[in-house]
Amino acid sequence: MNTLGLYLPGTSVIHRTTAGAKLAVMCAVGVGSIFLDHTWQVGTAILVVLAGYVVARIPIRTTIRQVRPLIWIAGFVAAFHVIVNGWERAFVVVGVIAMLVLLASLVTLTTRTTAMVDAVVFVCGPLRHVGVDPERLGLLLALSIRSVPVIVGLAEEVRDAQRARGLTASPRAFAVPLIVRSLRHADALGDALVARGVDD
Amino acid sequence: MPVIEVDGVTHAYGEQSSRRVVLTDVNVRLVEQRIGIIGANGSGKSTFVRLINGLVNPESGSVRVDGLDTKKHGREVRKRVGFCFTDPDAQIVMPTVQEDIAFGLRRRGLSKEEIASRVSDALTTYGLDGHADHPAHLLSGGQKQLLALSSVLVTEPATLVLDEPTTLLDLRNAAKVADVVRQLSQQVLLVTHHLDLLDGFERVLVFNDTRLVYDGAPDDAIGYYQKLMA
């Protein structure tokens, strides 16, 4: 089962904070993270974000699940920096990535998608004057969040089918059906959106 | 009941070299409350029902719902005709149950209070209360189909089109969905391979090889279909 980055109901102060405020903090931290240059700074930032998980009463297993997909890429980046720049630089780079992923996940775990969509639609309102449809941007955000578990589910099904047929180490046998099924899903979702009056 | 008129409809997919005709000269007028649509795979029944809420526009001929041409008045037609697909995963748009039910209502500009009230009613009516904040993708197959159904029904369409809604479900969940369909006050067009779901229906259309080949009472139509498939 996959609960990656999906809303967990709650009544904590983080849950009650408006979606706009949370998104603004996330953007500010994202921009500010380029100034984090020392291990103590990164360590403190990670601890502050983890404190947010405690305040929001997010289970530890769910917290770990948010960063688990990073293991391979973080491992590769860390190994590169340890060899080239030393362990301190490796900690700073990987730590910043992990902190940002944890923060983004904390926002999605404590915010209803509709609240985020409303915030995005509000912020993007002025773009109407240059021909951008804020409602469509909001829908795009909602669909992106909704699609994460769908694509993960499709990948699991494809991997199972691959194993059942003994194709355990074939990237092509994994990628091709996953792309085809994802495109089919997108097609069917498009039909469903039209049927529900989205294009009207 | 709404009046659905299909006049001289022929439809094909693809360009000239790969053109594949999927419906040939279909003429029918539907006024009954319960209408079943059966036929072999590839016989044209899914395309037929997609014409009815304007998901597909006919290559030739016309489709009208209460006098509204689906080509010219797609928006009004889609407000009257709800559509439920075979695979609920492909039609659940929002991440959580109550957000998905509210999705269609939000786009109709209803007040927050009205939306909350309708969503709460739908959750209770379709046995999804207690799942309001659950991620939609973690529901069982039957619950997903009930969610897809309730998300369409909450917008109160006059006609509901169901394209094989029980094909991916086990017997228990198929029975649950069938129960919900049986109790609907709307006009229902049901495409199915589960012939027992047509019990109590008033009219059944049989499609074969892109044509409407039989149109009549359920027992006669099912008998005709069974002989055709024998």
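Would you kindly give the portion of the calculated P(r) for the protein assembly as shown that falls above 38 Å, as a percent of all Cα pairs?
33
Applying a 10 Å radius around every beta-carbon, put A:190-198, B:35-43, A:69-77, B:217-225 in order of their mean neighbour count, most first.
B:35-43, A:190-198, B:217-225, A:69-77
Rounded if a/c is under 1.5, else prolate if a/b is larger than b/c, else oblate: which is segment B:105-197, with a ≥ b ≥ c the root eigenvalues of its Cα gyration tensor? Intermediate values should be presented prior to the final figure.
On the way: a/c = 2.26, a/b = 1.40, b/c = 1.61.
It comes out oblate by the Cα gyration axes.
Classify segment B:163-230 from the C-alpha gyration tensor, please: rounded if a/c falls under 1.5, else prolate or oblate depending on whether a/b exceeds b/c.
Details: a/c = 2.02, a/b = 1.54, b/c = 1.32.
It is prolate, given that a/c is not under 1.5 and a/b is the larger ratio.
Which whole-number value in Å² is the accessible area per residue of the protein assembly as shown, probe 1.4 Å?
50
In whole Å, what is the distance between the alpha-carbon centres of segment A:41-57 and segment B:89-165?
Each part's Cα centre sits 35 Å from the other's.
Let a ≥ b ≥ c be the square roots of the eigenvalues of the Cα gyration tensor of segment A:14-68; is it rounded (a/c under 1.5), or, if not, prolate (a/b larger than b/c) or oblate? Provide the component values of the computation, followed by the final result.
Working: a/c = 2.09, a/b = 1.17, b/c = 1.79.
Oblate, because a/c is 1.5 or more while a/b does not exceed b/c.
Can you compute the charge dipole magnitude of the protein assembly as shown about its Cα centre, using +1 on each Lys and Arg Cβ and -1 on each Asp and Glu Cβ, nothing else charged? Give it in debye, rounded to the nearest 20.
Numbers: 43 positive and 42 negative charges, 227 e Å.
Using Cβ point charges on Lys, Arg, Asp and Glu, the protein assembly as shown gives about 1100 debye.
Kindly list the residues of segment B:198-230 that lie in the label zone of residue B:24, defined by a backbone N under 11 Å from the point 7 Å along the Cα-to-C-beta vector.
B:208-212
I'd like the accessible area for residue B:107: 1.4 Å probe, protein heavy atoms, all chains in place, Å² to the nearest 10.
100
Name the residue farthest towards the positive end of the dipole of the protein assembly as shown from the options B:160, B:127, B:90, assuming +1 on Cβ of Lys and Arg, -1 on Cβ of Asp and Glu, about the Cα centre.
Working it through, the farthest residue towards the positive pole turns out to be B:90.
Among the listed pairs B:45/B:144; B:71/B:176; B:71/B:144; A:22/B:144; B:79/B:112; B:45/B:227, which are separated by more than 28 Å between their Cα atoms?
Pairs exceeding 28 Å: B:71/B:176; B:71/B:144; A:22/B:144.
Whole Å is fine, so just give me how far the alpha carbon centre of segment B:20-83 lies from that of segment A:114-184.
Comparing the Cα centres of segment B:20-83 and segment A:114-184, I get a distance of 30 Å.
Would you work out the relative contact order for chain B, in percent, from Cα pairs under 8 angstrom that are 6 or more residues apart?
Values: 437 pairs, mean separation 61.8, N = 230.
Computed over chain B, the figure is 27 percent.
Which order, highest average first, do A:25-31, A:149-155, B:140-146 follow once you tally other Cβ atoms within 10 Å for each residue and take the mean per peptide?
Going from most to least packed, we get B:140-146, A:149-155, A:25-31.
With helices defined as uninterrupted DSSP H runs, which ones in chain B have an alpha carbon span along their own long axis of at least 30 Å and mean Kyte-Doolittle hydropathy of at least 0.5?
Numbers: long enough: none.
Long hydrophobic helices here: none detected.
Given B:206, B:44, B:8, which one lies farthest toward the positive end of the charge dipole of chain B, if we put +1 on the Cβ of every Lys and Arg and -1 on the Cβ of every Asp and Glu?
The listed residue farthest towards the positive side: B:8.
Could you work out the relative contact order of chain A? I mean the mean sequence separation of Cα pairs under 8 Å and 6+ apart, divided by the number of residues, in percent.
For chain A, the relative contact order is 25 percent.
The values are calculated or read from the model by the stated rules, or taken from the named source; none is laboratory data. The structure presented is a predicted model; accordingly, all values stated were derived computationally and were not measured. Glycine gets a Cβ as well: all are built from the backbone with ideal geometry, and neighbour counts include every protein chain shown. Areas reflect the complete protein model, heavy atoms only, side chains present, ligands, DNA and RNA absent. Shrake-Rupley method; radii C 1.70, N 1.55, O 1.52, S 1.80 Å.
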